[in-house]
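This report concerns only the one structure given below.
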Amino acid sequence: MNSTTPQRTAIGIASVGHATFAAVMIFLGVLGLIKGGFTVIWEPVPKGLPARQALAYLSTVISLVSGIGLFWRRTASLASRILWAFLILWLLLLSIPSVFLLPLVPGTWSCGRTMVMTAAAWILFTWFATDWDRRRLGFAVGDKGVCIARVLYGLGLIPFGVAHFIYPQQTAPLVPGWLPWHMFWAYFTGATFIVAGVAVIIGVFARLATALSVLQMGLFGLLVWVPLISAGTLSPFQWGEVVTTLALTAAGWVVADSYSQPLLTWRTSHTS
């Protein structure tokens with residue numbers, strides 16, 4: 001078996017990132033049920049798309065069911081496979097076309113967000129792949145699958161950074177007031193997203209770049225969104241950004257876990 005593919009424990013949890021991502025998917029599913037439509041990670045979806053409402057409920061159900069399934073040993077393989085396949089289709093049929101149909105930043109941001117979520121699902125799929133998967137979907141599992149997932153993650157980070165440079169006036173006010181040089185931080189964080197994305201794609205300091213990108217997203221949530229939530233000043237759009245930050249941080253955590261040597265050692269010890 002592949003050295004980068006951790007096997008399932010008795011409770012089905014391969015890493016903290018895995019558990020966090022699964023919990024976030026459950027949260028997104030519950031949020032979708034409450035909202036009765038698409039959660040922010042699936043948007044935008046064209047208004048005139050056939051069976052749009054049915055697709056909204058399908059995305060909600062898949063988020064919820066796959067998140068629950070990822071927690072359990074007997075269902076982790078199926079759950080990760082379904083989530084991976086659904087996100088791949090979403091990326092190819094909706095997110096990539098949005099790059100050409102929407103303005104530059106909304107289109108590329110949406111596509112990048114889907115790429116990051118797909119990368120996490122792909123990593124989990126490679127971890128929990130069965131013999132059936134390895135026989136029929138060999139291109140998607142093992143070292144090759146992990147490599148593709150990491151490249152997707154790197155590509156997904158770049159639009160986040162580009163947005164900081166195109167909309168610095170909207171980004172700088174989000175920098176905490178106790179930090180000086182708000183415009184500097186807007187540009188700096190944008191540059192780090194781009195550099196991290198390139199590093200992951202080309203495989204140079206990729207592990208460090210992935211870890212730092214996750215840390216940056218997590219700190220953004222902690223330093224920007226948590227104070228605004230406490231103050232009760234978030235707009236509906238910003239609430240969507242809070243959910244997006246949570247989902248992207250969890251997804252990045254899974255990708256970062258794919259570089260973990262202790263995780264690889266744990267996998268080897270659980271190989272039958």
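Computed from the coordinates by the stated procedures, all read-outs in this text should not be read as laboratory data. All values reported here derive from a predicted model rather than from experimental measurement. Note that each Cβ is placed from the backbone with ideal geometry, even for glycine, and that neighbours are counted across all protein chains shown.
Reducing region 86-144 and region 166-212 to their Cα centroids gives an inter-centroid distance of 23 Å. Here the peptides 20-26, 232-238, 216-222 are ranked by packing, the mean other Cβ count within 10 Å, and the order with the highest first is 20-26, 216-222, 232-238. Suppose R0 equals 22 Å; then what is the FRET efficiency for Val16 and Thr130 from their Cβ-Cβ distance, rounded to the nearest 0.05? The calculated FRET efficiency here is 0.40.
Remark: spin-label model distance Phe165-Leu222 equals 2.8 nm, labels positioned 7 Å along the Cα→Cβ axis. Within the chain, the selection of entire DSSP H helices by a Cα span of 18 Å or greater along the long axis and an average Kyte-Doolittle value of at least -0.5 returns 16-35, 52-69, 76-90, 104-128, 142-166, 182-202, 206-220, 236-257. Given their separation in residues at 0.36 nm each and the Cα-Cα distance between them, Arg74 and His182 gain 34.0 nm when the chain is fully extended.
The length gained by stretching the chain between Leu49 and Val105 to full extension, at 0.36 nm per residue less their Cα-Cα distance, is 18.0 nm.
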